[in-house]
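Read the structure below first, then the notes.
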Amino acid sequence: MVTYNPAFLDNVTVFTREEKDILNSLNTKVPLSKFLNNKSYIDKFGMDFIHTSAKIEGNTYDRNDTLTLLEYGRTAGGKRYSDAKMILNMRDAYELFVKEDLPVNKNTLKDLHYRLSDEMVADNERAMPRNQEVIIKGCDYIPLATAEKLDDEMNYLFEKYATIEDAFDRAIYLHCNLAYLQYFKDCNKRTARMMLNVSLKRDGKMLYIPNEERVSEYLKSIVSYYESGDYDAFKAYFIHEYQQTVHAVLSVEHAKKQEQARPLRRKP
């Protein structure tokens, strides 16, 4: 088994210069302002973010189930109520960080967790550090088990975050180490993914939208970080997802330009 290593929180260098160049180049192609000023992008990619984020947590709703729930409020027959509630909680948290200019701090972390954990944990445990041990399935990592130590490390995490200059280093440092701390009784990774986007948005960078087909890559990369403190697996996953999101937006815009450039039918 691998116990908590406080040295992981001191590792603030994530991406190489070449990797940052790739990410910054993608941002010039699809700036955040283009995304935030287009409701169809917010809705379409929000649906993707919510659905895939739920799949990462083992949610059984497929895309059609998720769309029907978000659009019409209808739950999927024969499926757990908790799956529907998880998705609705994620929608509420997504709408919050998209609409509001949230700071990156412990208060925002707790606000998001409070929304994400509604009916997922007891009310007196929402937005509160856990004070008990937790076992992570499929992983040899043993997180801290006492609220006092967790709170000390969380404060240290945000102190280190504030020293990081690069926007992408900041966002990935925040995500991986929030997931690593397992500060709350439950809903830690989904809160970390929300905070990753809060950080990117705060720095004027395009958001991270995970791909449903690469859930296993996300989970493997997180376990790799838990057990080694090495960002390599997660940053490779992140760059791929970032490229796919930008290419998806560009494909929509390319289709529009083609439509404008040629008639749909020949005139008689």
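What follows is calculated from the coordinates using simple rules that are stated; it is not laboratory data. Note that this is a predicted model, so its numbers are computed, not measured. Ideal geometry is used to build each Cβ from the backbone, glycine not excepted, and the neighbour counts take in all protein chains shown.
Pairs to check: LYS110/LYS256; LYS55/LYS201; LYS29/LYS137. Give those whose C-alpha atoms are more than 32 Å from each other in this structure.
Violating the 32 Å limit, Cα to Cα: LYS110/LYS256; LYS29/LYS137.
Among TYR173, ALA162, PRO210, which residue has its Cα furthest toward the positive end of the charge dipole of the chain, with +1 on Lys/Arg Cβ and -1 on Asp/Glu Cβ?
Of the options given, the answer is PRO210.
Going highest first, how would you order 41-53, 135-147 by mean Cβ packing within 10 Å?
Top to bottom by mean Cβ count within 10 Å: 41-53, 135-147.
What is the dipole size for the chain, taken about its Cα centre, with +1 at each Lys and Arg Cβ and -1 at each Asp and Glu Cβ, in debye to the nearest 20?
Roughly 1540 debye for the chain.
So for the range 164-216, what are the equivalent ellipsoid semi-axes in whole Å, largest first, each being the square root of 5 times an eigenvalue of the Cα gyration tensor?
18, 15, 9
Considering the options THR16, SER228, SER40, tell which one lies farthest towards the positive end of the dipole of the chain, charges being +1 on Lys and Arg and -1 on Asp and Glu at the Cβ, about the Cα centre.
SER40
Using +1 on the beta carbon of Lys and Arg, -1 on that of Asp and Glu, and nothing else charged, what's the dipole of the range 53-187 about the Cα centre, debye to 20?
460
What's the percent breakdown of Cα-Cα distances in the range 78-217 across 10 Å bins, shortest bin first?
The percentages, shortest bin first, are 11, 41, 37, 10, 0.
Debye calculation, C-alpha points only, no solvent: report log10 I(q)/I(0) for the range 177-255 at q = 0.15, 0.16, 0.22, 0.26 Å⁻¹, in the same order as the q values.
Debye output, listed in q order: -0.59, -0.66, -1.14, -1.38.
For the residue pair ASP43 and THR28, what label-to-label distance in nm results when each label sits 7 Å from Cα along the Cα-to-beta-carbon direction?
3.3
In whole Å and largest first, what semi-axes does the C-alpha gyration tensor of the range 9-88 yield when each eigenvalue is scaled by 5 and square-rooted?
Ellipsoid semi-axes (Å, largest first): 33, 19, 9.
Magnitude of the Cβ-charge dipole of the range 168-268, K/R +1 and D/E -1, about the Cα centre, nearest 20 debye?
My answer is approximately 820 debye.
Can you pull the Rg over Rh of the range 1-138, Cα-only, Kirkwood?
My calculation puts Rg/Rh at 1.01.
With N denoting the number of residues in the range 2-251, provide Rg(C-alpha) divided by 2.2 N^0.38 Å, to two decimal places.
0.96
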